[in-house]
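Okay, structure first, notes after.
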Amino acid sequence: MLRVLILGGIGDAVELAAKVANIPGIEAIASLAGRTRKPANLVGNVRIGGFGGVSGLVSYLREMQIDILIDATHPFANQISENAAAATQEIGIPRLMVIRPAWEKLADDCWIEVENNFAAAAVLANQAKRVFLTIGRQEIATFAHLQEIWFLMRMIDPPNSDVIVPPGLILCDRGPFTLENEQEILLKYNIDTIVSKNSGGSATYPKIIAARKLGIKVVMVNRPPIPPGEQVPDVDSACKWLFNKLDIL
């Protein structure tokens, strides 16, 4: 029996674990970071919570006798990806990254591409009045000093009580979102700028299409660097990679 640890964000990791469960000879464990308070659609063998850095992950891999690690975390979860690279190298087991393709700017898009949220906040100063902030709840305090801007802040869970929140309205909702829904939000709240991470995938892309149709600018936060290693673009490709490993290991 091949034991596979799948590190995730909620979407790709759980989907991959469910599909892997149907491959004979493989036992999969999906590990979620636990940032979403009430993750949906949890099925199969799932653990929630961190590992305690590289050393904690190494201990877990050894204790659970993991044969393969698949990193299906969010494109912006660069710390756990770095930890996974270091831990699997130390133990000497294969590692695969599932990295969905980034969104690409089209001719009608009005994007301002930046390297991080601090740069995004700097761009907004004196250039925006009503902003749709769609970066989740972890880093909204980065924008709290922009008191002259009104923010519509969408996230799955509300921020912790000790977080300094920018002026505006918090909207708790979970994707996928429709184009109709996103256009309605942009018009209802008179949004002139969107701030988004370039997460890729289809679940939150309709806001980018809506911005394109309405001529609204998007401050797009580019992805952080990823560690070197084998990678595939989607869950199905990861399943094929695993199936091939069965013949090798």
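With the helix formula -39500 (n - 2.57) applied to DSSP H stretches of n ≥ 4, the chain reaches a computed 222 nm mean residue ellipticity of -9000 deg cm²/dmol.
Straightening the chain between residue 209 and residue 125 buys 27.8 nm, computed as 0.36 nm per residue apart minus the Cα-Cα spacing. Projected label points at residue 170 and residue 45, each 7 Å from Cα along the beta carbon direction, are separated by 3.7 nanometres. Computed over protein heavy atoms with a 1.4 Å probe, the accessible surface of the chain works out to 50 Å² per residue.
Once both labels are positioned 7 Å from their Cα atoms along Cα-to-Cβ, the gap between residue 178 and residue 63 label points is 4.6 nm. Calculated on the Cα set of the chain, radius of gyration then Dmax: 19.5, 60 Å. Rg/Rh for the stretch 107-249 stands at 1.06; both radii use Cα atoms, and Rh follows the Kirkwood definition.
Computed as a quarter of the hull surface, the mean projected area of the alpha carbon convex hull for the stretch 50-178 stands at 10.6 nm². The label-point distance for residue 237 and residue 55, in a model that sets each label 7 Å from Cα toward Cβ, rounds to 3.6 nm. To put it simply, the accessible area of the stretch 53-180 at a 1.4 Å probe is 50 percent carbon and sulfur.
The values are calculated or read from the model by the stated rules, or taken from the named source; none is laboratory data. The shown structure was predicted, so the numbers you read here are calculated from the model rather than taken from an experiment. Cβ coordinates were reconstructed from backbone atoms using ideal geometry, including for glycine residues, and neighbour counts include every protein chain displayed. Areas reflect the complete protein model, heavy atoms only, side chains present, ligands, DNA and RNA absent. Shrake-Rupley method; radii C 1.70, N 1.55, O 1.52, S 1.80 Å.
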